[in-house]
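Here the structure is laid out as structure tokens; the discussion comes afterwards.
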Amino acid sequence: QLKRDIQICLKNYDQRPNSLKYIYKNILYNIEFNKILYIEKEQDNKRCIIYTKNKKYFIPGTLSKVKSLLDNRFIKSSRSFIINTEQISFYDIKSNIVTFKSKTKLDCISRDNKKIIINHLRKV
């Protein structure tokens, strides 16, 4: 019985949504990965902006440092952006515009990363 209960607990533990946990201005933030649309590097500043459907959050650090806290659903699409590929509704290759499930549109794919994004969306 104990063995079965432990297996159930481990199964449920693995199904918890992953989240980004950090402290900014003495406030602890815990943002679920599936809520994040994209992350933008703020110009002339050592912080990034996390965009969700309804709100934006600030996180200290470089884009590379933030990327290291995320999982493989997040791809660096250009020098200044990381996008959540699970939140992409569609990607118009000709106009180079990503549309998220929340209807937010973004032109953030660099020429170098265009092929990587296409392959990732096709699950290649």
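The values are calculated or read from the model by the stated rules, or taken from the named source; none is laboratory data. Everything quoted here is computed from the prediction, not taken from an experiment. Because the Cβ atoms are built from the backbone with ideal geometry, glycine has one as well, and the counts that use them run over all protein chains shown. Accessible surface areas use protein heavy atoms only, side chains included; no ligands, DNA or RNA. Shrake-Rupley method; radii C 1.70, N 1.55, O 1.52, S 1.80 Å.
Determine which member of the set Asp92, Asp71 is closer than 20 Å to Ser110 by Cα, out of contact with any His (no Cβ under 8 Å at 6 or more places or on another chain), modelled with pLDDT under 90 and acidic (Asp, Glu). Break it down into steps so the answer makes sense when it comes.
Details: Asp71 fails: closer than 20 Å to Ser110 by Cα.
Sole residue among the options that is closer than 20 Å to Ser110 by Cα, out of contact with any His (no Cβ under 8 Å at 6 or more places or on another chain), modelled with pLDDT under 90 and acidic (Asp, Glu): Asp92.
Starting from residues that are more than 20 Å from His120 (Cβ to Cβ) and touching a Phe, Trp or Tyr at 6+ places or on another chain (Cβ under 9 Å), keep the ones in the stretch 31-44 and report whichever is surrounded by the most Cβ atoms within 10 Å (Cβ to Cβ).
So, considering only residues that are more than 20 Å from His120 (Cβ to Cβ) and touching a Phe, Trp or Tyr at 6+ places or on another chain (Cβ under 9 Å), the one surrounded by the most Cβ atoms within 10 Å (Cβ to Cβ) is Lys41.
Checking Lys56 against (1) under 22 Å from Lys123 (Cβ atoms); (2) open to solvent by 50 Å² or more (accessible area, probe 1.4 Å); (3) in contact with a strand residue (DSSP E or B) (Cβ under 6 Å, 6 or more places away or on another chain), only one condition comes out false. Which one?
With respect to (1) under 22 Å from Lys123 (Cβ atoms); (2) open to solvent by 50 Å² or more (accessible area, probe 1.4 Å); (3) in contact with a strand residue (DSSP E or B) (Cβ under 6 Å, 6 or more places away or on another chain), Lys56 is out only on (1).
Could you count how many residues in the stretch 73-124 are in contact (Cβ under 8 Å) with a residue 12 or more places away in the chain, hydrophobic (A, V, I, L, M, F, W, C), open to solvent by 60 Å² or more (accessible area, probe 1.4 Å) and not in a helix (DSSP H, G or I)?
1
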